[in-house]
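Reading through the structure tokens given below for one structure.
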Amino acid sequence: MSGLEYRNTQTQVKHEILMRYLDTWGGIILRGLSRSNRQHGWHFIYVDCFAYKGIYAGDQEDFLQHRFSGPVFGSAIIGVQALDKLAAYAANNGIHICTNAITIEKDPGIFRELEQTFQKYGFGGRIRKTADFSSLSNGEIALINGDSTKLVDKLLAYTDNKYTWAFYLLDPYGASGIPYDFVKKIVSGPRHDVMINFIYEDFLRKTGMALMDSLNPKYKQLVDLWKKAFGDHFWNQIVLKTLQDIRDHRNWRDALEGVPLDDMKETDLFSDSQLTEIKERSLIFGYQKVLQSMDPEIAIKLSALRFPDKERTMFYLFLTTHDPTGALQLNQILRDAKLLEYELRFKLYTLRHVPPGQLSLFDPLVSIPKPSIEERPTSDEVASVIYQRLQGKSLTRKQIYANLTDTLFFPLEIDSALKLLKRNGKLSFDGNQLNHRTQIRFTFEIVSL
């Protein structure tokens, strides 16, 4: 296999998020199934819509340190390994599940390398080159050289079945892989969890041409791919409006030569760096609004991953789920991923700027400074938010989790807060143990005027 590249830091973090969420996804579902009278016939599917080669030569850090620690697997193998791990865990707990992976790669040359990866690392006997997914036996891997956006109806016919849960990875090379209708069909599946790689750097470049009056047809086609990702309505309402507002503000500021009018504050005029931040925030939360429009019931989490050596966002990961526990677990996974990203970027910077041979046991790689990540809320703070939202209601813990999916709380933080509220007499539930079926009754606090 020729031309394997080293895995950069943001891809390493992306894969860490994928591995941890796949483990969490399967574990949450299995815990629910363990209470069911039905102990067989459950189906778990991993769908990698843009599988690439399935392997990297190593990590970028290894390359810079002139060491070879062996290849590292990409998303296709990560998904298969997660399913195998899940099946073994289920069997150890007396539950029989069926698993299948579907890996799709459009480029014929890359597809051949993906097939070689599966063959070389012991998965060859499980591969079937077929889009007849219903013919797959337990543990088999469908390997397809094709366009996933054109296979969506076949995929849905397979993953939308009863007693079936699917994890979709949408990690395309650009906007052509995430048109609105394609993504909507996938994220709206009631038992679909989805991870989407939104390549912000490419989006930024293409939208930079969106307001041009006479655009070369070649470039217009590239812009139109992003327009299809947002859909006409949201493209006009969010993207074009944001770009026009930013342009108008910059022209207005420049016309005033940076000096505010008498009825203006100095802070009313934004610098170029502030405008860049405003634009990024508006466009990214705009795409979150696009995803929410596809299915109002999904919880959406997102994380920005930066270039290894620049203070600039390279891509955003959007993760969608219908499961409230999964949404809250993602808060912890994504926070840990930011810590990992910080560590990897710091190491990479050090390796690039410290001359070879000058690293020691006391070098910066050993004592990495703490990142500027917000401290976790206290139990009192979490309890206050919960009580303000839910006082006077009677809900199960699962319903409480669902009410809190828009927060950044972790499940354990919520459980600790619920127990604190019970001790303080602001809610009651039977017994001392909490589970999703526990009925929790909140008191109602009357505020005297």
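Numerical summary
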item: Residue in segment 282-339 that is surrounded by the fewest Cβ atoms within 10 Å (Cβ to Cβ), counting only those that are outside any helix (DSSP H, G or I) and among the β-branched types (Val, Ile, Thr); result: Thr313
item: Unmet requirement for Thr159, which otherwise passes all of (1) buried (at least 18 other Cβ atoms within 10 Å of the Cβ); (2) touching a helix residue (DSSP H, G or I) at 6+ places or on another chain (Cβ under 8 Å); (3) among the polar types (S, T, N, Q); result: (2)
item: Residue count, segment 158-186 (criterion: touching an Asp or Glu at 6+ places or on another chain (Cβ under 6 Å) and at pLDDT 95 or above); result: 2
item: Any strands (runs of 3 or more DSSP E) falling wholly within segment 79-190 and containing at least 3 residues that are free of Cβ contacts under 8 Å to residues at least 12 places away in the same chain and in the same structural domain as Arg35 (by TED's automatic domain parsing); result: none
item: Leading residue by the ranking (modelled with the lowest pLDDT) among those in segment 305-332 that are within 25 Å of Asp232 (Cα to Cα) and of a type outside the set (Val, Ile, Thr); result: Met314
item: Filtered residues of segment 191-210 (kept if among the charged types (D, E, K, R), modelled with pLDDT under 95 and not in a helix (DSSP H, G or I)); result: none
item: Cβ pairs under 8 Å, 6+ apart, first in segment 1-28 and assigned by TED's automatic domain parsing to the domain that holds Arg191 and within 17 Å of Ile45 (Cβ to Cβ), second part of a helix (DSSP H, G or I) and hydroxyl-bearing (Ser, Thr, Tyr); result: Leu18/Ser75; Gly26/Tyr89; Gly27/Tyr89; Ile28/Thr325
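The values are calculated or read from the model by the stated rules, or taken from the named source; none is laboratory data. This is a predicted model, so every value here is computed, not measured. Here Cβ is always computed from backbone atoms with ideal geometry, including for glycine, and neighbour counts include all displayed protein chains.
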